[in-house]
Amino acid sequence: MYYIANFKMNLTYQETLAYATEHNDELEELAQDVANIVLCPSHESIALLCKLFDTTPVAIGAQDTSNHTKGSYTGQVSAQSLHQTGCTYCIVGHSERRMFNHEDNDEVAQKVERLLGFDITPIVCVGELSEEFEAGKTRQVLTMQLAPVIASLKALPGSQDKRILLAYEPVWSIGTGKMANTEHLGTMFAWLKEHLRDAPGTWQLLYGGSVNAENAAELKKIEHIDGFLIGKSSISFQNLKKIIK
Ligand code: PGA
């Protein structure tokens, strides 16, 4: 099972450092025992965390990367730079970036390509808005969000050997405490599995959106869920630990 902790902009540099140093041993133990743990701090803390967890099975991920390779792109961080820090995962297409930074599906596909070029595993986020869910358009939305990613993988040499994590996160579930029922999620994950059957690469499916210590056990029973993308509940190490256990 994958447990991706997305700290978003909730922890400062010093808070991230404190989290990592205080719980270094326990995180290492948890990762050894049961889980693929990936901590995703904001960019300024990535290199530091990569060093702190260097000799452990705990992996470090970024929350975003540039869709460009290199050049005059103020404020952006390239996949190559992430790779040089030791970062091995990167979230792309998170709904907060789609919403606040107008990231579109083509950009997401470009980012996936940049990341795979440096052996960074992309964590591609997809999900429908509340009104799209109500209108029964979830599959339609996910199909559109995934189409450019799948198309660019088909054109990318060697993509067959790559691993991609796909996080299905209903936007209306993120940070709200609201969640689709397990039946709906079961149907969606079975559909995603089928939808990706002929896409190049090895895909693993994550669920994200209000995952917490109370609902994790139930969610783990859903077929085809290989892990979780956890926002709010990952900020408290004790909550993250309960979810993993
Ligand atoms: P949440 O966030 O766990 O706070 O709902 C999930 C996410 O944004 O990835």
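Residues of the stretch 107-143 that are under 21 Å from Ser81 (Cβ atoms) and in a helix (DSSP H, G or I): Glu107, Val108, Ala109, Gln110, Lys111, Val112, Glu113, Arg114, Leu115, Leu116.
Could you run through the stretch 91-114 and say how many residues are polar (S, T, N, Q) and either within 14 Å of the ligand (Cβ to nearest atom) or free of Cβ contacts under 8 Å to residues at least 40 places away in the same chain (or both)?
So the answer is 2.
Scanning the stretch 157-175 for residues that are surrounded by fewer than 18 Cβ atoms within 10 Å (Cβ to Cβ) and more than 7 Å from the ligand (Cβ to nearest atom) turns up Pro157, Gly158, Gln160, Asp161, Arg163. In the set (1) aromatic (Phe, Trp, Tyr); (2) under 21 Å from Leu165 (Cα atoms); (3) surrounded by fewer than 18 Cβ atoms within 10 Å (Cβ to Cβ), Tyr89 fails one condition alone, (3). Is the stretch 205-222 home to any residue that is acidic (Asp, Glu) and out of contact with any strand residue (DSSP E or B) (no Cβ under 7 Å at 6 or more places or on another chain)? Yes, there is a match, as at least one residue in the stretch 205-222 is acidic (Asp, Glu) and out of contact with any strand residue (DSSP E or B) (no Cβ under 7 Å at 6 or more places or on another chain). Being within 16 Å of the ligand (Cβ to nearest atom), of a type outside the set (Asp, Glu), touching a strand residue (DSSP E or B) at 6+ places or on another chain (Cβ under 6 Å) and more than 21 Å from Glu103 (Cα to Cα): is that true of Leu39 here? Criteria met by Leu39. The residues listed here are Glu103, Glu96; of these, the one that is of a type in the set (D, E, K, R), on the phi < 0 side of the Ramachandran plot and part of a loop (DSSP other than H, G, I, E, B) is Glu103.
Residues checked against (1) closer than 16 Å to Ile37 by Cβ; (2) out of contact with any Lys or Arg (no Cβ under 8 Å at 6 or more places or on another chain); (3) within 14 Å of the ligand (Cβ to nearest atom); (4) touching a residue at least 24 places away in the same chain (Cβ under 8 Å):
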residue	(1), (2), (3), (4)
Val211	yes, yes, yes, yes
Leu219	no, yes, yes, yes
Ile222	no, yes, no, yes
Ser233	yes, yes, yes, no
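Within the stretch 30-46, is even one residue surrounded by 16 or more Cβ atoms within 10 Å (Cβ to Cβ), at pLDDT 95 or above and in contact with a Cys (Cβ under 6 Å, 6 or more places away or on another chain)? So far as the stretch 30-46 goes, yes, one or more of its residues are surrounded by 16 or more Cβ atoms within 10 Å (Cβ to Cβ), at pLDDT 95 or above and in contact with a Cys (Cβ under 6 Å, 6 or more places away or on another chain). Just one residue in the set Thr55, Thr69, Thr88 is modelled with pLDDT under 95 and either among the β-branched types (Val, Ile, Thr) or within 13 Å of the ligand (Cβ to nearest atom) (or both); that residue is Thr55. Against the definition (within 16 Å of the ligand (Cβ to nearest atom) and either within 19 Å of Asn105 (Cα to Cα) or without any contact (Cβ under 8 Å) to a residue 24 or more places away in the chain (or both)), how does Glu183 come out, yes or no? It is false that Glu183 is within 16 Å of the ligand (Cβ to nearest atom) and either within 19 Å of Asn105 (Cα to Cα) or without any contact (Cβ under 8 Å) to a residue 24 or more places away in the chain (or both).
Only residues that are farther than 17 Å from Leu146 by Cβ and charged (D, E, K, R) were counted across the stretch 156-184, and they come to 3. Taking the conditions exactly as written (part of a helix (DSSP H, G or I), within 16 Å of Leu166 (Cα to Cα) and not β-branched (Val, Ile, Thr)), does Trp191 satisfy them or not? Answer is yes for this residue. Considering every residue within the stretch 142-151, establish whether at least one is within 16 Å of the ligand (Cβ to nearest atom), within 20 Å of His102 (Cα to Cα), surrounded by 13 or more Cβ atoms within 10 Å (Cβ to Cβ) and over 17 Å from the mean Cα position of the chain (by Cα). Among the residues of the stretch 142-151, not one is within 16 Å of the ligand (Cβ to nearest atom), within 20 Å of His102 (Cα to Cα), surrounded by 13 or more Cβ atoms within 10 Å (Cβ to Cβ) and over 17 Å from the mean Cα position of the chain (by Cα), which makes the answer no.
Regarding the stretch 227-241, can at least one residue be identified that is aliphatic (A, V, I, L, M) and modelled with pLDDT under 95? No, the stretch 227-241 contains no residue that is aliphatic (A, V, I, L, M) and modelled with pLDDT under 95.
The values are calculated or read from the model by the stated rules, or taken from the named source; none is laboratory data. Keep in mind that what you see is a predicted model, and the values were worked out from it rather than measured. Virtual Cβ from ideal backbone geometry, glycine too; neighbours counted across all protein chains shown.
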